[in-house]
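> Here it is, the structure in full.
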Amino acid sequence: MNIIENCETGFLAYPKINTLFERGEDFVVNPAKLKSPVLATISEWDVTEKIDGTNVRVALTPELIEVSQEQRGSVRVGGRTDNAQMPPDLVSWLYYTLTPQKMMAALQQPGKPPVSYILFGEGYGPGIQKGAAYRKDKSFILYDVLCEGRWWLDRSAVNEVAGKLGIDVVPYLGRMTLTQIVELVRQPFPSKIGMAMAEGIVARPIETLYDKHGERIVIKLKTKDFVKGKR
């Protein structure tokens, strides 16, 4: 797993997602040159919309109170790195909405040892995007969940977690080939949320796969990747 170095143990950052293709000198992606040859061996991908926002991590650390055998937990909120600055009202909303009690009820299985989780998502809304194109208030949208620092939940489980917590989850766009992904993203297309145009997509293999370096295979592609200009 590609962990950012300045993140504390147990509060891991989200691994960097590589763009699907190599870029030319004009910074436009070249669909004839994949970032990694292994990507061509995967015939279909589960595709979700990439939301334009600010990276958010929400960690649940459970603990067992020996006297009463009661499971309790603590919640910590952060940005992409430990030093990342987040809008104060978004931080307040996260701590108010994702309380330890609510997180424990949604994520822990009764009768089994408590385990740690990290929710990964985007903070989005006015002040994060221009014009409040997604929504009229700040909120959090979930895209991934990591258990015990090792296991990534599948898409159906991520959706279930979002439902239990009453939070948004990134829109699912369907199962596609790489060719279909390029056809979708090359031109601007409407977001499934609000009045925004989609930033692009994030795609994963149907089953979680890892490359030879032990990195989970996840790809992204943005519409602006087809436009000239330094990123």
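The values are calculated or read from the model by the stated rules, or taken from the named source; none is laboratory data. A quick note: this is a predicted structure, and the numbers were derived from the prediction, not measured. As a convention, Cβ positions derive from the backbone with ideal geometry for all residues, glycine included, and neighbour counts pool all protein chains shown.
> Could you grab me the full set of residues in segment 79-99 that are in contact (Cβ under 8 Å) with a residue 12 or more places away in the chain and among the aromatic types (Phe, Trp, Tyr)?
Pass one, segment 79-99, residues in contact (Cβ under 8 Å) with a residue 12 or more places away in the chain: 79-84, 86-87, 89-91, 93-95, 97-99.
Within segment 79-99, TRP93, TYR95 qualify.
> Then there is this: I'd like the full set of residues that are surrounded by 15 or more Cβ atoms within 10 Å (Cβ to Cβ) and either free of Cβ contacts under 8 Å to residues at least 60 places away in the same chain or aliphatic (A, V, I, L, M) (or both), limited to segment 127-146.
Residues satisfying the conditions are ILE128, ALA132, ALA133, ARG135, LYS138, SER139, ILE141, LEU142, VAL145, LEU146.
> Here's something else I'd like to know. Going through PHE226, PHE140 one at a time, which residue ends up being of a type in the set (Phe, Trp, Tyr) and farther than 30 Å from MET104 by Cβ?
PHE226
> Within segment 158-175, can you find the residues that are hydrophobic (A, V, I, L, M, F, W, C) and either outside any helix (DSSP H, G or I) or modelled with pLDDT under 95 (or both)?
ILE167, VAL169, VAL170, LEU173
> Okay, moving on. Can you find even one residue in segment 40-60 that is farther than 30 Å from LEU173 by Cα, exposed (fewer than 12 other Cβ atoms within 10 Å of the Cβ) and at pLDDT 85 or above?
To start, the set of residues in segment 40-60 that are farther than 30 Å from LEU173 by Cα comprises none.
Checked against the condition, which is being farther than 30 Å from LEU173 by Cα, exposed (fewer than 12 other Cβ atoms within 10 Å of the Cβ) and at pLDDT 85 or above, segment 40-60 yields no hits at all.
> So, one more: Looking at (1) modelled with pLDDT of 95 or more; (2) closer than 30 Å to TRP93 by Cβ; (3) not β-branched (Val, Ile, Thr), which is the one condition that is false for ASP225?
(2)
> Between residues in segment 185-208 that are closer than 12 Å to LYS224 by Cα and among the acidic types (Asp, Glu) and residues that are surrounded by 14 or more Cβ atoms within 10 Å (Cβ to Cβ) and at pLDDT 95 or above, which pairs lie under 6 Å by C-beta distance while being six or more apart or on different chains?
The qualifying pairs are GLU199/LYS50; GLU199/LYS222.
> Same structure again: Could you check segment 192-216 and list, in sequence order, the residues that are assigned to a loop (DSSP other than H, G, I, E, B) and either crowded, with 18+ Cβ neighbours inside 10 Å or at positive phi (or both)? Even if it seems obvious, please write down each step before you answer.
Taking segment 192-216 and keeping what is assigned to a loop (DSSP other than H, G, I, E, B), we get 192-196, 198-199, 206-209, 211-215.
Listed by number, the residues that qualify are GLY194, ALA196, ALA198, GLU199, GLY214.
> Would you mind finding the one in ASP89, ASP144, ASP137 that is of a type in the set (Asp, Glu) and either at positive phi or part of a loop (DSSP other than H, G, I, E, B) (or both)?
ASP137 is the lone residue from the list that is of a type in the set (Asp, Glu) and either at positive phi or part of a loop (DSSP other than H, G, I, E, B) (or both).
> Considering only segment 20-30, how many residues are assigned to a strand (DSSP E or B) and either buried (at least 17 other Cβ atoms within 10 Å of the Cβ) or assigned by TED's automatic domain parsing to the domain that holds ARG155 (or both)?
Here is the first cut: in segment 20-30, the residues assigned to a strand (DSSP E or B) are 21-23, 29-30.
Subset that is either buried (at least 17 other Cβ atoms within 10 Å of the Cβ) or assigned by TED's automatic domain parsing to the domain that holds ARG155 (or both): 21, 29.
Number of matching residues: 2.
> Just the residues that are at pLDDT below 90 and either charged (D, E, K, R) or in a strand (DSSP E or B) (or both), please, taken from segment 1-19.
Those that are at pLDDT below 90 and either charged (D, E, K, R) or in a strand (DSSP E or B) (or both): GLU5, GLU8.
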